[in-house]
Amino acid sequence: MKVGVFAGTFVDTKMGVELLKSRGFDALSFPISKNPKEQSYLQYYSKDELTNIVEKKIVEAKNEGAAKIFIYCNSLSAAIDVDDLTRRQSIEIITPFDFYKNLDNYYKDIVILAANSKSAHGIDKIISEKTFRNTISIGMLSIVEEIEKKTLPRNIVSKLGLKELFKFFNAMEKKPDAIILACTHFPYMKEEFKKLTDIEILDPAEDMINKLKSK
């Protein structure tokens, strides 16, 4: 199956393409922005422009034979009306938000670690619609920017003071049930984060792939 991979920048689009290729999909690359700051600017201030860019690229993907669209980007998913684009373009669009809509009720106390506050807010709203959750929502574009520079995970932890952030999570009287990697750049940091905490770390990517395989 051909799948159009959409994401905020060249880096996370490449991550999504490599992930799908490793699972046997024929993945086509469609980055939306040149860098994280441009991506965030479009998401905050230019929703109509961003939607037009995404829709034009969906048309391109369909012309190249894509059967489904795989939005490997949380903040992009939060910034556009996916349901409206699905209806207008008559193509299934899979996003990380599908994972949040079906998050197990077991997870009551959650850290949402996202690329920016717009994304964190959108995810917080979705996961709390059916069941009340105690959430800590954090947007850290600086992590994304360091990943884009290919800074080593351990150096990112040191440079951005993430060890202290995780100490805060660990020291809470009621520790979180999970930390959600609410940015598709962040699996790059997953193994390093596991060294900092025994709190469960959730990565929506596997759920997205399972949905891609269905139907």
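The values are calculated or read from the model by the stated rules, or taken from the named source; none is laboratory data. The shown structure was predicted, so the numbers you read here are calculated from the model rather than taken from an experiment. Cβ placement follows ideal geometry from the backbone for every residue including glycine, while neighbour counts extend to all protein chains displayed. Only protein heavy atoms, including side chains, enter the accessible area calculation; ligands, DNA and RNA are left aside. Shrake-Rupley method; radii C 1.70, N 1.55, O 1.52, S 1.80 Å.
Can you tell me which of E206, E164, E173, E191 is open to solvent by 50 Å² or more (accessible area, probe 1.4 Å), within 20 Å of the chain's Cα centre (by Cα) and farther than 19 Å from V11 by Cβ?
So the residue among E206, E164, E173, E191 that is open to solvent by 50 Å² or more (accessible area, probe 1.4 Å), within 20 Å of the chain's Cα centre (by Cα) and farther than 19 Å from V11 by Cβ is E206.
Please indicate, with yes or no, whether at least one residue in region 105-114 is open to solvent by 10 Å² or more (accessible area, probe 1.4 Å), free of Cβ contacts under 8 Å to residues at least 12 places away in the same chain and either in contact with a strand residue (DSSP E or B) (Cβ under 7 Å, 6 or more places away or on another chain) or among the acidic types (D, E) (or both).
Applying the first criterion (open to solvent by 10 Å² or more (accessible area, probe 1.4 Å)) to region 105-114 yields 105-109.
Then keep just the ones that are free of Cβ contacts under 8 Å to residues at least 12 places away in the same chain; that gives none.
Checked against the condition, which is being open to solvent by 10 Å² or more (accessible area, probe 1.4 Å), free of Cβ contacts under 8 Å to residues at least 12 places away in the same chain and either in contact with a strand residue (DSSP E or B) (Cβ under 7 Å, 6 or more places away or on another chain) or among the acidic types (D, E) (or both), region 105-114 yields no hits at all.
Report yes if some residue within region 24-34 is acidic (D, E), in a strand (DSSP E or B) and surrounded by fewer than 20 Cβ atoms within 10 Å (Cβ to Cβ); otherwise report no. If you could, list the steps in order and put the result at the bottom.
Filtering region 24-34 down to residues acidic (D, E) leaves 26.
Checking which are in a strand (DSSP E or B) leaves us with 26.
Imposing the further condition that a residue be surrounded by fewer than 20 Cβ atoms within 10 Å (Cβ to Cβ) reduces the set to 26.
Scanning region 24-34, I find at least one residue that is acidic (D, E), in a strand (DSSP E or B) and surrounded by fewer than 20 Cβ atoms within 10 Å (Cβ to Cβ), so the answer is yes.
Name the pairs: first residue in region 69-82 and closer than 11 Å to F97 by Cα, second residue in a helix (DSSP H, G or I) and small (G, A, S), Cβ to Cβ under 6 Å, at least 6 apart or on different chains?
Pairs that qualify, where the first residue is closer than 11 Å to F97 by Cα and the partner is in a helix (DSSP H, G or I) and small (G, A, S), are I71/S77; Y72/G16; N74/S119; S75/S119; A78/S119; A78/G122.
What's the number of the condition G65 fails, among (1) over 18 Å from I147 (Cβ atoms); (2) among the small types (G, A, S); (3) touching a Ser or Thr at 6+ places or on another chain (Cβ under 9 Å)?
Here G65 clears every test but (3).
Sort through S117, S142, S137, S128 and tell me the only one that's touching an Asp or Glu at 6+ places or on another chain (Cβ under 6 Å), open to solvent by 10 Å² or more (accessible area, probe 1.4 Å) and not β-branched (V, I, T). Full working, then the answer.
Details: S117 fails: touching an Asp or Glu at 6+ places or on another chain (Cβ under 6 Å); S142 fails: touching an Asp or Glu at 6+ places or on another chain (Cβ under 6 Å); S128 fails: touching an Asp or Glu at 6+ places or on another chain (Cβ under 6 Å).
Selected residue: S137, the only one of S117, S142, S137, S128 that is touching an Asp or Glu at 6+ places or on another chain (Cβ under 6 Å), open to solvent by 10 Å² or more (accessible area, probe 1.4 Å) and not β-branched (V, I, T).
Every residue in region 102-125 that is more than 20 Å from D12 (Cβ to Cβ) and under 14 Å from the mean Cα position of the chain (by Cα), please. Give the steps one after another, and end with the answer.
Taking region 102-125 first, the residues more than 20 Å from D12 (Cβ to Cβ) are 102-111, 124-125.
Selection gives D124 alone.
Give me the pairs: first residue in region 156-168 and without any contact (Cβ under 8 Å) to a residue 12 or more places away in the chain, second residue part of a helix (DSSP H, G or I) and open to solvent by 40 Å² or more (accessible area, probe 1.4 Å), beta-carbon distance under 6 Å, and six or more apart or on different chains, which are they?
none
Taking into account only those residues within region 27-53 that are of a type outside the set (A, V, I, L, M, F, W, C) and within 22 Å of D203 (Cα to Cα), which is modelled with the lowest pLDDT? Break it down into steps so the answer makes sense when it comes.
Step one: list which residues in region 27-53 are of a type outside the set (A, V, I, L, M, F, W, C), which gives 29, 31, 33-41, 43-49, 51-52.
Filter once more, keeping what is within 22 Å of D203 (Cα to Cα): 29, 31, 36, 39-40.
Values: S29: 97, P31: 93, P36: 74, Q39: 71, S40: 74.
Per the stated criteria, the residue is Q39.
Go through region 162-215 and tell me which helices (runs of 4 or more DSSP H), entirely inside it, have 3 or more residues that are charged (D, E, K, R) and at pLDDT 95 or above. Can you show your working first?
Numbers: elements: 162-171, 190-194, 205-213.
Ranges flagged: 162-171, 190-194.
Condition check ((1) hydroxyl-bearing (S, T, Y); (2) open to solvent by 10 Å² or more (accessible area, probe 1.4 Å); (3) modelled with pLDDT under 95) across all residues:
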| residue | (1), (2), (3) |
| --- | --- |
| A61 | no, no, no |
| K68 | no, yes, no |
| S75 | yes, no, yes |
| R88 | no, yes, no |
| I93 | no, yes, no |
| F97 | no, yes, yes |
| K101 | no, yes, yes |
